[in-house]
Structure formats: structure tokens, C-alpha cells
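Data block below; observations after.
The values are calculated or read from the model by the stated rules, or taken from the named source; none is laboratory data. What you see is a predicted model; the values in this text were computed from it and never measured. Glycine gets a Cβ as well: all are built from the backbone with ideal geometry, and neighbour counts include every protein chain shown. Accessible surface areas use protein heavy atoms only, side chains included; no ligands, DNA or RNA. Shrake-Rupley method; radii C 1.70, N 1.55, O 1.52, S 1.80 Å.
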Amino acid sequence: MRGRLGWMAGLIFAAQIGMCQAMPEKTADAGIAEALPQISAQRVQADIEKLVSFGTRLTLSAQDPSSIEAGRGIGAAREWIKSEFGRYSKDCGGCLEVKTDSFTEQPTDRIPKPTEITNVYAVLKGTDQARSKRIVLVTGHYDSRNSDTLDTTGDAPGANDDASGTAVSLECARVLSKMKFPATIVFLTVAGEEQGLNGSRHFAKMAKEQGWELEAVLNNDIVGGDKSAEQDHSVVRVFSEGVPVAAKEQDVRRIRGLGGESDSASREVARYIADVGRTYDPGVKPMLIFRLDRYLRGGDHSAFNQQGFSAVRLTEYREDFRHQHQNVRTENGIEYGDVPKFVDYDYVARVARLNAATLASLAAAPAPPANVHVLTKDLENDSTLTWDAAPGATSYEVLWRATTSPQWEHDQSFGNGTKATLKVSKDNVIFGVRAVDSAGHRSLPVVPVPER
Ligand SMILES: [Zn+2]
């Protein structure tokens, strides 16, 4: 453990030179580390090629029994995903509950007539009665499109966008279903993304209405690592919202007053992914992007953000827009279309390992502490934090960083107490508190709210 003088000197030093110092690395969980190599680039390739084989997966494409039989259209893709989840469940003695969330979407500008949309998901229920209410979720969209988002019959291979993200959900389900966790993991694939996030919006609303304790949503969309010259195959971008879209007026006032613009719960998930990347080294480094999404683009994570859930988006480092939302063709020697040959299956597998390590770490961890407060009754330079005990926790850590630093810089354990006083001024840093279990699994951190 670092001495008090040591960390104070470190903090002052870091602040003086404007440097961001990362926290010491944590020890990996041996079970999680052993599971990650089972995520296979060959399986990813087979999944993506199978999804592409359905010709088009446009949400408006065929889903009648004869098209499903013929293996063309979104209905055939949906049935195949269901059967895959079912197969993984058979292999783990029925440990996965395979479910669908079906509804009829009424006409919009991208949906000309009432259309049935089906999300397919598998639930790996937590083994601890109380803690299984906590849920972490990974998602990708299995629908695709070509140049015309209303073209119901033309080919729309969608190998990168987003068979790659669908393959991440499938591989995480296949490998993590062989393990047991106290909290619940949901492996989701949604439709309707290209028509306006219809599937994820319906699913997120359902989760909200049913009172799901959804702690983190990892949305993988375009994680194929397109093989263009300027691609960086060692990096995956992680987008997270700043001021939460679901923040109420009083929350926004507090955020404004205290400088909390970079501490949405979604951003803590992004930082958690960065920590997991350092601990498990899946071969791809999370690059945190502090904005909701790319210019002119949207994704399913925002549908979860709208309902007040923490959700982030993972996307390859550099997109090639000639290989997205395009009819497959060659023009002036340039190849257009989202076909498998541009996808780097090893890269997708590495991104899937980062997802699996994050899901496993969160599902193994205790609940985050509730009612985290920083006492602000009197003017003082010391900082006192309090919190409620969290189910499954054996100790608690206080984290902090300079207000200008993107990632947590320091952590200090305070045993199993629920109160800590630090010789660090709350005026100068941002604090967080997380719960830790006896095996060293760490919860998401919670940033304190002031208590007078
Ligand atoms: Zn997409």
C-alpha cells in the first residue's frame, strides 16, 4: 500500500506537469483469463458468414415461413440466432434462457407498413438469489441495409455492420455460458437499428418498465476492423455520453455546479472497460471517446441512455464508409459494399474478448455501493465520504483523479467500513467509491453527491 506522503506527492507531481497517471494494475481473475482464449476467430468468421448468407437482413425483408425455409431475409437470420443460443444452452445443461421480444412497429419514414420486429436474447441467470437481480448486457444489431434503406429484396450483406457485433454477442454467450456468476448476463441481438433504433428502443423500454437493475450495456456496432490501409487493429473506440440525456433539471444543475460533465454512469462504464483492458490485455486497446457517438451517426446504446441506463458503444478505430450502407458493386475500380472479405476476424475476436472480460468482471463483482455521499456541511480541506454496504462486498475503495484527468489515477482501500476521510480536498479532485469482494472483483465506481 502506498504511504500517504507518496500518493500526495504523486498527485501534486501529476498536477504540476499536467500528466495523467494510471492506477496500478489489478490482478486478473484466473477463471476469466482462462476463458478468454476460447473466444475464437474461426467461430466469429463462421457466424458472420452465416449471417451474410441470408442475403439481406433488412428489418423490412421477408420473414414468412417459406422465406425462412429458403434461408433468405431477416426471419431466417432471427431463427438461426435463436437456434445458436439454444445450442449453447444445450451445451451448458440448459443454463441459458433463450427469449424473444417481438412487437409490431407502426409506420414511420423508414417503415412503410406495420412491421413485426423481433429482438433475440439469451439470459445467463446469476447464481446468487439476491445479486442475480443485477444485470449486465452485451448487444449488437442483426439487421442490415444497403444504399436504399427501403430495399426489401436486394443484397445487404452487413458483414461489419453489424454481423460483427452480433458475433460478439454470440461468442460471449457461447464462452461465458460455461461459467457461473452471481449476477445476471444478457446476450442480446436486436433488429430495427437501421430503420431508427426500433428494436433497442422497445427492449430498453421493456427493461425500464420491468424495473431491471441494468448496470451496463455494451453495444458493439461496426467492430469488424475493416481492412483499409489506415486502420489501427490494436484499438477499439468506446463512445460514452457526457451529461446524461436522461438527466433531470436538478441533476443538470448539480452537474453544472460541481463539474460533473465527465462522470455520467455511462462514462464510468467506459473507464471500467479501459481498466479491464489493462488487466486482461485482450489484444485490443480501448480508446475512450468522450462523446455519445460519431458525427451524423447514432446507435442502440443511445436508446438505453434515453431510459436512464448506462450504455456505451464500441466501434472499430477507422470506418471505411465505402463498405457500409452500400450496394455491393465496383465503380471506377473502387469496391463498395459490406462484404466479409473486408472484415478482420481476429480483430472481432479480440473485441469480443474485451467485452467478455468486462461482462465477467462486472457479473462477478459485488453491487456498486449505494447512497454515496461526500460531506459538505463545513468548509474544510479534508474530504469525508460515506456509503451503504453493498451485497457481496468485503471491502471498499475510494478512487480519485484530478478534475482535468480522463481516467482514475488513485485508489485506496478502506476495509469493510462505510466511511472514509482523506487528506485530499474535494474541491480539487473527483472521487468515486467502489465495492470489492474477497477475490478482488471490483464494482463500477459511484461518484458521490454532496450531503450537507
Ligand atoms: Zn450499425
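The number of residues in region 309-339 that are farther than 19 Å from V138 by Cβ and open to solvent by less than 50 Å² (accessible area, probe 1.4 Å) comes to 10. So D91 clears everything in (1) surrounded by 20 or more Cβ atoms within 10 Å (Cβ to Cβ); (2) touching a residue at least 60 places away in the same chain (Cβ under 8 Å) except one condition, right? Which one? Just one mismatch for D91, condition (1).
Annotation: of all residues in region 213-236 being among the charged types (D, E, K, R) and in a loop (DSSP other than H, G, I, E, B), the one that is nearest to the ligand (Cβ to nearest atom) is D221. Screening region 193-212 for residues that are under 23 Å from T127 (Cα atoms) and outside any helix (DSSP H, G or I) and picking the one that is nearest to the ligand (Cβ to nearest atom) gives W212. Criterion applied to T384, T358 was being open to solvent by less than 10 Å² (accessible area, probe 1.4 Å) and either β-branched (V, I, T) or assigned to a loop (DSSP other than H, G, I, E, B) (or both), and the one residue passing it is T358.
Inspect all residues belonging to region 237-252 and state whether any of them is part of a helix (DSSP H, G or I) and open to solvent by less than 60 Å² (accessible area, probe 1.4 Å). Looking through region 237-252, at least one residue is part of a helix (DSSP H, G or I) and open to solvent by less than 60 Å² (accessible area, probe 1.4 Å). Please work out which residue is nearest to the chain's Cα centre (by Cα), limiting yourself to region 103-136 and to residues that are under 21 Å from I48 (Cβ atoms) and of a type outside the set (G, A, S). Looking at residues that are under 21 Å from I48 (Cβ atoms) and of a type outside the set (G, A, S), I get Y121. Residues that are closer than 17 Å to P368 by Cα, β-branched (V, I, T) and in contact with a Leu (Cβ under 8 Å, 6 or more places away or on another chain) within region 384-438 comprise T386, V398, V433, listed in sequence order.
When V186, V190, V168 are checked against the criterion of being within 12 Å of the ligand (Cβ to nearest atom), β-branched (V, I, T) and surrounded by 24 or more Cβ atoms within 10 Å (Cβ to Cβ), V190 stands alone in meeting it. In region 129-152, the qualifying residues are those that are more than 16 Å from the ligand (Cβ to nearest atom) and touching a Lys or Arg at 6+ places or on another chain (Cβ under 9 Å), and the one that is most open to solvent (accessible area, probe 1.4 Å) is L150.
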